[in-house]
Amino acid sequence: MRTAVLLLALAAAAGAVEPPREWLLLAPIDARGRQPFNPDRVFLRHLLDRDAPPPREGEELGGATWSRAAADGEGAVGGDIAYAYAALESDRDRIVLVRVPGAATLFVNGDAFVGDVYGMGHGGVPVLLRRGTNHLYVRGVRGRFRLQLEAVEEGVHRSDRDVTRPTLGSTAAFVTVNASREPREGHLPLGVRKSVREPSEPVPPRPGEAQRIAFESSIDGSLQEYSVLAPEHEEGAGIVLSLHGAGVDAYDQARSYSRKKDLWIVAPTNRRPFGFDWQDWGRADAYEVLAHALTWTGADPRRVYLTGHSMGGHGTWHLAANDPDRFLAIAPSAGWCSFDTYTGRPPAAREEPWRGADGASLTLDIVDNLAALPTFILLGEKDDNVPLAGARRGGAALRVSGGAPEVHAQAGAGHWWDGGAAPGADCVDWPGIFDLFGRTPPRPAPDALSFVTVDPGVDAVHHWVAVLQPLAYGRPARVRARRAGDTGEVETVNVRRMRVDAEAELFVLDGRPLPAPALTTFLKTDAGWTVASPAAGEKSPERCGPFKRAFANRFVFVYGAGDAEGMARARYEQQVWWYRANGDVEAVDDATFLRDGYAGRNVILFGNASVNRAFARVLPADCPVHVREGAIRAGRRSWAGDDLGCLFVVPRAGDPAALVGVFGATGARGARLGYALLPFVSGVGYPDYVVFGPSVLERGTEAAAAAGWFDHAWRLD
C-alpha cells in the first residue's frame, strides 16, 4: 500500500486554509444526557434536510437567540454553547484535514465528521470544501472548541499521530486517511482507518519498569495494547487487574504501582483513556486483556484481583457486580458505583425498555452479587472530583446485602493523592488493598449461592449455575441454589432455561423434584421445569441482544452502493469507532460484500432492503422487522414515510454464531436521523429493536415509536 506521512510541507505546497473567525452561537435549549435520544431542535431545523437554510444572527430558537462571537487569538470559541455555525468561503473544490478539539461532531454541508471532544490531538479527518459557501456546524462542545484546517494533497496518507506502538512486540498500528472523493485502498471517500500494520522495533524497558504489550482484538481485529508491571517472583504469581481513570494512560496506571512480590499489575486501556467508562467494549477490553495476560505471563488463573481508580473505581464496581465469581477480592478507589449515583440520567432513560438495555450499568440493582466478595473501598476525604456519596452509597448497599466491605477515607486527601504509606501512589497502591488481596487465597465454589444477572450476554454463569435464557428479556433473572449431599435445590425468578453443573441424584427446581438426568440443562414451561437441551438458533448468552451486542466478532459495515446517505452514515460511525474505541472497522458497499461474503463475521447494515442488497443476503427469512423505502414493519405494526429510522439486532442467516445489526432508514431524512443516536456512548442502551421518527428531535427518548425485545426464538409478538 502506497502511503505518505503527513507533513507541514504538504500544507505549504497546497496553500493555506484559514478557519472562520466569526461564528454564530446558540446556548443550550434542549436537555442532554446519557439517553438513547436527546432532543435536538437545531438539527431538526437546520440539518435534518440538507437544503435547510442556515441560522441568522438574532434568530430565535427554543427561547435562545443565535448571537455572533469572534474566535480569540488562538482561534478558540468558548462559552455555554449547544451549537456553533459559520459560513466558510472557498475559491475552489478542495480537500482539507480538519481537527475540532473540544467538540464531538463537525457537520460540513450536511456531512458529519468526528471531532476531538477530549482534545486527544489526532491528526485530523479529511473534509471536502466546495467552491463557494460552505456551511459548518459544530455540536457537542466541551467548554470551548477550535476549528483547525490543514491543506493536504489528494491521496491516501499515513498520519504520524495516534500510533499504537508497544514496548514489547514487533508490530505497530498507524492511522491512514483517504483525502479523496473516491474509495481508495480499503478506505471510504474522505475516510479514516487505523488499519495499517507495520514492523516496529520494540524499545526494551529497563528491568523493573512497566511495559506495553500488544494484542489483536477479537472485537474488531484492531491492534490494542495494555501495560504490565512484573512481580519480583513470577512463579505462581497472580494478577491484579487495575483499571485507570478518565484521561489516564494505561502505561501511567501501571507505573503508579510498586513491584509486588508475587502479583503482576496488569492495566488494560478501556480502548482509550476515556473510552467507555469500563462498560460495553471497555468491559470487553478488560476481559480480552486478562485472557491475554494470563497466557503471556503464565500467572495463576485462580489468583485474579480487581482494582481501579476514579472511572476505574467505577469499572471495579461494574465488572465485579456483573461477574462476582471471576475475582477473589476487589478494591474500588475514588470510584462512583453507577451513572445514576454520579452524573445521573434523564428520567426517560431510566424507564423500560431502555433501563433493561443498559441494566449491566445499574450496580445498585445487582449489588447482592457482591455480598460474598471481599471488598476494600478507598476514598480521599477531600475528593473534589468524584463525590464521596456515590462510593458510600455503594458500600451501604453492599452492607444491606450482607457484605462486609472495609472502608478507608484518607483525611485531607483529594481525588488523586500520594503520601508515604505506599512505595507507589497511595490512592492506588494503598497497603490495605494489598493486605486484603494477600489474605484472600483461592477458594472452592460455595455450596450455597445467590446470583442475579440483568443480561446473560454480559454474565450467565455463577460458579455451578448458568442462566441461559430469561423468561422475559430486559428484566433481571435471579437464582438461589444449594447443593447438599445427593440433592440440588434451585429457586428462580424470571429464568426460562438454565444449566446446573452439580452432581446430584435429585434436583428440586422451584419446589418441583426431578430425578437426576444425564443432562443437567433445564427448561421452564407452563407445566413447570423439565429436562431439555438448548434449541439451535434460539437466543443464548453467546448470541443475543441488545443492539450493541452486534458490534463484535470483527463486525463489518455494509451500505448500498448507490446510497449516499448510507455511505455517509457508515463513514461517520467508522470515524467515531476509531476515535472512541481506538478501533478499526471495514466499511464496504453491498456489491463488495456480496462478492466477498465476510463469512462468520457480524454485519452492520445501513439503509434498507430497497437500496442495500445485503439485507436479503444476511437477514433471516422470518426477520421480525422489515424496512424498505417509505415504510417500516415490526410485528403487526407498521409506519410509513421517508423520515423514519430503526435499529434492530437478529441472527445472521446461515451462520450459527454471527449477528446482524441494522441502522435502518426509510429514506434520506430517516438516514440522517441516525445522527441523533449514541450507539458508542456508555450508559446508553438500546433494546433488541427501536423504531423512531423526527419527533425524537423534539421530545427525546419518550417519543420513540416502538422499542422492545424479541423473545427467546427471536420473535416479536
If you check residue 414 against the conditions, is it part of a loop (DSSP other than H, G, I, E, B) and surrounded by fewer than 20 Cβ atoms within 10 Å (Cβ to Cβ)? yes
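If I ask for residues that are part of a strand (DSSP E or B) and either farther than 10 Å from residue 634 by Cβ or without any contact (Cβ under 8 Å) to a residue 24 or more places away in the chain (or both), which ones from region 698-717 would you list? Step through it out loud before you land on a result.
The initial filter retains those residues of region 698-717 that are part of a strand (DSSP E or B), namely 706-708.
Result: no residue meets the conditions.
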Restricted to region 295-315, and to residues that are touching a His at 6+ places or on another chain (Cβ under 9 Å) and part of a helix (DSSP H, G or I), which residue is nearest to residue 370 (Cα to Cα)? 315
Quick check, is residue 57 more than 34 Å from the chain's Cα centre (by Cα) and not aliphatic (A, V, I, L, M)? yes
Go through region 619-633 and give me each residue that's more than 17 Å from residue 674 (Cβ to Cβ) and not in a loop (DSSP other than H, G, I, E, B). 626, 631, 633
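For region 599-618, state whether one or more residues are part of a helix (DSSP H, G or I), touching a Lys or Arg at 6+ places or on another chain (Cβ under 8 Å) and β-branched (Val, Ile, Thr).
Yes, there is a match, as at least one residue in region 599-618 is part of a helix (DSSP H, G or I), touching a Lys or Arg at 6+ places or on another chain (Cβ under 8 Å) and β-branched (Val, Ile, Thr).
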Can you tell me which residue within region 150-207, out of those that are basic (Lys, Arg), touching a Ser or Thr at 6+ places or on another chain (Cβ under 8 Å) and more than 29 Å from residue 75 (Cβ to Cβ), is surrounded by the fewest Cβ atoms within 10 Å (Cβ to Cβ)? 197
Can you list the strands (runs of 3 or more DSSP E) lying wholly within region 487-561 that have 1 or more residues being in contact with a Lys or Arg (Cβ under 8 Å, 6 or more places away or on another chain), within 30 Å of residue 690 (Cα to Cα) and among the polar types (S, T, N, Q)? 487-493
If you check 428, 461, 452, 495, which single one turns out to be among the aliphatic types (A, V, I, L, M) and either surrounded by fewer than 16 Cβ atoms within 10 Å (Cβ to Cβ) or without any contact (Cβ under 8 Å) to a residue 40 or more places away in the chain (or both)? 495
With the structure loaded, tell me whether residue 504 is buried (at least 18 other Cβ atoms within 10 Å of the Cβ) and over 25 Å from residue 455 (Cα atoms) or whether it fails that test. yes
Residue by residue through region 183-231, note down the ones that are of a type in the set (D, E, K, R), modelled with pLDDT under 95 and not in a strand (DSSP E or B). 185, 201, 206, 209
Checked region 354-382 for anything within 27 Å of the chain's Cα centre (by Cα), of a type in the set (D, E, K, R) and assigned to a loop (DSSP other than H, G, I, E, B); matches are 358
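Only residues that are closer than 28 Å to residue 349 by Cα and part of a loop (DSSP other than H, G, I, E, B): list them for region 468-486, please. It would help to see each step written out before you state the result.
First, the residues of region 468-486 that are closer than 28 Å to residue 349 by Cα: 468-479.
Matches in region 468-486: 470, 471, 472, 473, 474, 475, 476.
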From the list 409, 477, 413, 422, which residue is more than 27 Å from the chain's Cα centre (by Cα) and farther than 20 Å from residue 243 by Cβ? 409
Any chance residue 150 is assigned to a loop (DSSP other than H, G, I, E, B) and in the same structural domain as residue 29 (by TED's automatic domain parsing): no
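The values are calculated or read from the model by the stated rules, or taken from the named source; none is laboratory data. Values in this document were obtained by computation on a predicted structure and should not be read as measured data. Cβ atoms come from the backbone with ideal geometry, glycine included; neighbour counts cover every protein chain shown.
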